[in-house]
Structures are given as C-alpha cells and as structure tokens.
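The values are calculated or read from the model by the stated rules, or taken from the named source; none is laboratory data. Everything quoted here is computed from the prediction, not taken from an experiment. Using ideal geometry, Cβ is built from the backbone for each residue, glycine included, and neighbour counts are taken over all protein chains shown.
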Amino acid sequence: MPALSQPVPPSLSIDALAAQVVADNPERQYLARQIALAQTGAAAAGRLADPEISVEFGERRTDNVQTGQRLGDGPAFAVSILQPIEFNGRIPLRKAIAQGDVQLARIGLAQFEATLAGRARTLGYRLFAADARAEAAAQVAARLRDLAGVLVAREAAGPTPRLEAAVLEAAAISAERTAAEAEAASNAALYELNGLRGQAFAARLRVLRPPLIPPPLPGVETLAERLESGNFELLALKTQLTQQGLTSRLAEKSRSGAISIGPYFNRDRGDVKDQVVGLRATTNIPLWNRQAGDVSAAQSREAQGEAALIGARRRLLARLYADAAQYRTRMAALAKWPADAPARFAAAAAEADRSYRVGAVPLATYVQMQNGWLDAMSAVLDTRAGLWEARENIRIITGAGEAP
C-alpha cells in the first residue's frame, strides 16, 4: 500500500504573514470592540441627567388660633418633577473627555496591530533563517557521515582511514547538533506564529525568502520627528494629558452647582380644597468650597501626566537611537560581504566534497570548508535577522508608518 504523501505547507511572504496574523488574531477582536464601547460612553456623556421626581404625603390640620376650634382635617400631598440642567460648559467638557476615551481606544488598537505585525515579521524571518540553517546543517551532516562510511568500508591500510573517519564523524555530530538547535528555534518561532494567527500549534508553514537587505534608513533626526508625531505611547500620553486638563477644568466648574427646574403640584384638602400649581427651581449655594480637594487632585494628576510624558519621550528617544545605531552597524557589516556569499560557500563546500573523494584536497581543508559554510551562513542569517528586527522596532516606535 503506497504511503500517504505529506500535505504541502502553505508558503507566505513575510508581509502576507503579518497581514494574516493581524486579521486572525483573537485579541484584536476584543480591542476593536472597545472602540464601540467607548463611542457609546461618548454619546451618553452629552445627555442630560435623568429627571428627578419628588412625592410628598401628609395630613392637613386647620385650627382657629383665636378660639382653638378645629376647622377641618384632610389629606395633603405634593408632586414635583425636576430636570437637572448643567451650565457653565460642563457638558461639553464631559463630552470632550469621553471623546478622549474613544481616541485612546483607537490608539490602543493601532498600537496592538503595529506591534503584532512587527512581531509576526520578526518571527517570520527567524523561521526562515532557522529552516535555512537546519537544512544546510543536515546536508553537511549527511555528507560527512556518508563519507565516513565510505572510509570505514574500505580495507584499512594503517590507522589513517580510521582516524579520518573518526574526524568526519565528530564533524557530523557537531553539524547534527547545529541542525537540532536550528530546528528547535524553527519550532519555537512556528508555535508562537501559529498562536498569534489562531492556528493549531503544529500547523506547518513555509516563509518565502525575504529581500536580502531592507531599504536604507533616514537620518535619526527625521526618525525622531516621526517618533514625536506618530509614536503610539506618546500619542496616548498626550491624549491622557489633555483629558486630565479637561478634568481639572471640570472640577473647577463643578463648584457652581446644577439647577434643577420643573413643575410642581400641591393639594391640601380639609374643610376647603387648596391646589397650587407652579414652577420650582433648586440649586446649591457654593459656600464652603468642598470641591477644592477634587480640583487639587485633578491638577496633581495633570502634573504627573506631564512628568510621565517627559520620561516616556526620553526613554523612547534612547531606544530609537540604539535601534538606529544597531541598524547602521549591521548594514555596514553586510555591505562588506558579497550578496551571494552563502551560495558561494555552499558551492565551495560541494566542490571540496568532490575533490576530497578523489584525493585532491586534504581532510583538514575538507572539514574546514564544510564548517566554514555553516559558520558563514549563520553569520549572514543572524546579521540579517538583527537588521530586520531593528527595522521593525524603528517602524513601530515611529508610528508603524511606511517602511523607513
């Protein structure tokens, strides 16, 4: 019975992988729903307070103050409906604060999507690099073990073939360890990616070869300007600082109370029936200024927000300068290496294998060439991975705009 063929894993570019992760991530759906909830709160902030109803019941008793004669008893009741009305611009302030919550929810979603896409791109390149390293190491290990088997199978003419076979087997063990470590790194990246895109952890995925080198980086001054205008953390802190300023103004204006106004009806019944219909208005007298504590607390939070913004800006600029320096350092290193260096070393390793089998090169050269191929490939892949990761960090920290 023929063996069932393994399904071919889907192949995605790094950008397509990032888009899929953002679209299918389950946490993103929750954050998107927060925007609708914040919009509901903003709509409610502009509404008037609910009307207040007051009902009074009692007994009316009427006596003649001169004779002491009881003139009549009867029930009495009063009803009033009052609508609180805020003035002095407090409702617009509440609406502005609530709109800030909507803006914060949108900033939070945009930051989550940018961070998620950046993480997906970084993991995608790590997955590609680990798969490439594992494939090359497995190829070298198979080549070394095959050649060691050939030497052992020959009739021994002294200790040299056995020693050479031992050297080849030791090199094969080292290459197999490299392959195992690369496969472990590949699985770690794959499992995290599958978790982010809502797939089964064991689902296989193949990442298409990314561009060799990202585009050049603008000047750090330009990046600093982008950070100031587009960084999500700074935008959120600025929005919160604006809200805190509005909250301070609202606390100051709350010293003047709202006016509750509405109709009332009063009816007394004894020996005669009295009915009164009128308009009632109530408010508080701002005599003791109990709101001073609320004003002070709001102003204190506003000062803390300003300090937090200054600290965040300093910390983010330090990160930006460090990532930009790392980007330029790795770019300079890659510029010194030929673009086809891994392919050239792979071809040289294959040529060394053919040459050693016909006795054209010594064992030391052969083993060094196989190890040199793996070392050179690892150096190039790791440098490119660090370059792409620094690029994603810069993209996120400057607001996730177009690639720098």
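Take the range 186-198 and flag every residue that is buried (at least 17 other Cβ atoms within 10 Å of the Cβ) and not charged (D, E, K, R).
Hits for the range 186-198 are Ser186, Ala189, Leu190, Leu193, Asn194, Leu196.
Could you list, in sequence order, the residues of the range 313-348 that are among the hydrophobic types (A, V, I, L, M, F, W, C), surrounded by fewer than 16 Cβ atoms within 10 Å (Cβ to Cβ) and modelled with pLDDT of 90 or more?
Residues satisfying the conditions are Ala318, Ala322, Ala325.
Per-residue answers, yes or no, for (1) assigned to a helix (DSSP H, G or I); (2) surrounded by 19 or more Cβ atoms within 10 Å (Cβ to Cβ); (3) free of Cβ contacts under 8 Å to residues at least 40 places away in the same chain:
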| position | (1), (2), (3) |
| --- | --- |
| Phe87 | no, no, no |
| Ile91 | yes, no, no |
| Thr115 | yes, no, no |
| Arg119 | yes, no, no |
| Gly124 | yes, yes, no |
| Ala141 | yes, yes, yes |
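From the list Arg145, Arg204, Arg133, exactly one residue is over 21 Å from Ile14 (Cβ atoms) and either basic (Lys, Arg) or part of a loop (DSSP other than H, G, I, E, B) (or both). Which is it?
Arg145
Can you say whether Glu225 is among the charged types (D, E, K, R), closer than 28 Å to Ala98 by Cβ and either free of Cβ contacts under 8 Å to residues at least 24 places away in the same chain or part of a helix (DSSP H, G or I) (or both), as far as the supplied structure shows? Before you say what the answer is, go through the steps one by one.
Details: among the charged types (D, E, K, R): yes; closer than 28 Å to Ala98 by Cβ: no; either free of Cβ contacts under 8 Å to residues at least 24 places away in the same chain or part of a helix (DSSP H, G or I) (or both): yes.
Considered against the rule, which asks whether it is among the charged types (D, E, K, R), closer than 28 Å to Ala98 by Cβ and either free of Cβ contacts under 8 Å to residues at least 24 places away in the same chain or part of a helix (DSSP H, G or I) (or both), Glu225 comes out as no.
For the range 331-345, name all the residues that are closer than 11 Å to Ala379 by Cα and aliphatic (A, V, I, L, M). Don't jump to the end; show me each part of the working.
Our first condition is that a residue be closer than 11 Å to Ala379 by Cα; within the range 331-345, this holds for 333-334, 337, 341-342.
Passing the criteria: Ala333, Leu334, Ala341.
Among the residues of the range 265-290, write down those that are at pLDDT below 70 and assigned to a strand (DSSP E or B).
Arg269
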